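> One structure, pasted below without further comment.
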Amino acid sequence: MKVVCIKEFKSQCLQYELTKDKIYDVVPSPKWVQDNSYFLICDRGFVSSYNKSSFVTLEEYREGKLKEIGL
């Protein structure tokens, strides 16, 4: 699954930087992970867990962009 980051991330503790509006692939997560998280490969190449509220699916992102330009 592909998701798009909708907020800026700076390196904080165990979470690493992500780029707003960049597409990320969701990687398989361990079975112990809560349903409100995605595991992604960050911009530095590390796998880390991020809250789903910081992302939209690629389809949702496209729909939002089309609405912005009036289509």
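> If a residue must be part of a strand (DSSP E or B) and surrounded by 15 or more Cβ atoms within 10 Å (Cβ to Cβ), how many such residues does segment 42-71 contain? Lay out the reasoning, then the answer.
Initial filter on segment 42-71 (part of a strand (DSSP E or B)): 47-51, 55-57.
Cutting the leftovers down to surrounded by 15 or more Cβ atoms within 10 Å (Cβ to Cβ) gives us 48-50, 55-56.
The total comes to 5.
> Looking at (1) of a type in the set (F, W, Y); (2) in a strand (DSSP E or B); (3) exposed (fewer than 15 other Cβ atoms within 10 Å of the Cβ), can you tell me which one Y38 breaks?
(3)
> D21 passes all but one of (1) at negative phi; (2) exposed (fewer than 13 other Cβ atoms within 10 Å of the Cβ); which number fails?
Here D21 clears every test but (1).
> Continuing with the same structure: So, in segment 43-71, of the ones that are touching a strand residue (DSSP E or B) at 6+ places or on another chain (Cβ under 8 Å) and among the hydroxyl-bearing types (S, T, Y), which residue ends up farthest from S29 (Cα to Cα)?
Across segment 43-71, the extreme among qualifying residues is Y61.
> Something else: Inside segment 11-35, can you point out the residues that are among the polar types (S, T, N, Q) and either at pLDDT 90 or above or over 16 Å from M1 (Cα atoms) (or both)?
Step one: filter segment 11-35 for residues among the polar types (S, T, N, Q), giving 11-12, 15, 19, 29, 34.
Those that are among the polar types (S, T, N, Q) and either at pLDDT 90 or above or over 16 Å from M1 (Cα atoms) (or both): S11, Q12, Q15, T19, Q34.
> While we're here: Taking R44, is it at pLDDT below 90 and not aromatic (F, W, Y)? Outline the logic, then answer.
Values: at pLDDT below 90: yes; not aromatic (F, W, Y): yes.
Spelling it out, R44 is indeed at pLDDT below 90 and not aromatic (F, W, Y).
> Can you say whether S29 is surrounded by 12 or more Cβ atoms within 10 Å (Cβ to Cβ), of a type in the set (S, T, N, Q) and assigned to a strand (DSSP E or B), as far as the supplied structure shows?
Details: surrounded by 12 or more Cβ atoms within 10 Å (Cβ to Cβ): yes; of a type in the set (S, T, N, Q): yes; assigned to a strand (DSSP E or B): no.
No: the conditions fail for S29.
The values are calculated or read from the model by the stated rules, or taken from the named source; none is laboratory data. Keep in mind it's a predicted model, so treat the numbers as computed, not measured. When we count neighbours, we look across all protein chains shown, and the Cβ atoms used for this are built from the backbone with ideal geometry, even at glycine.
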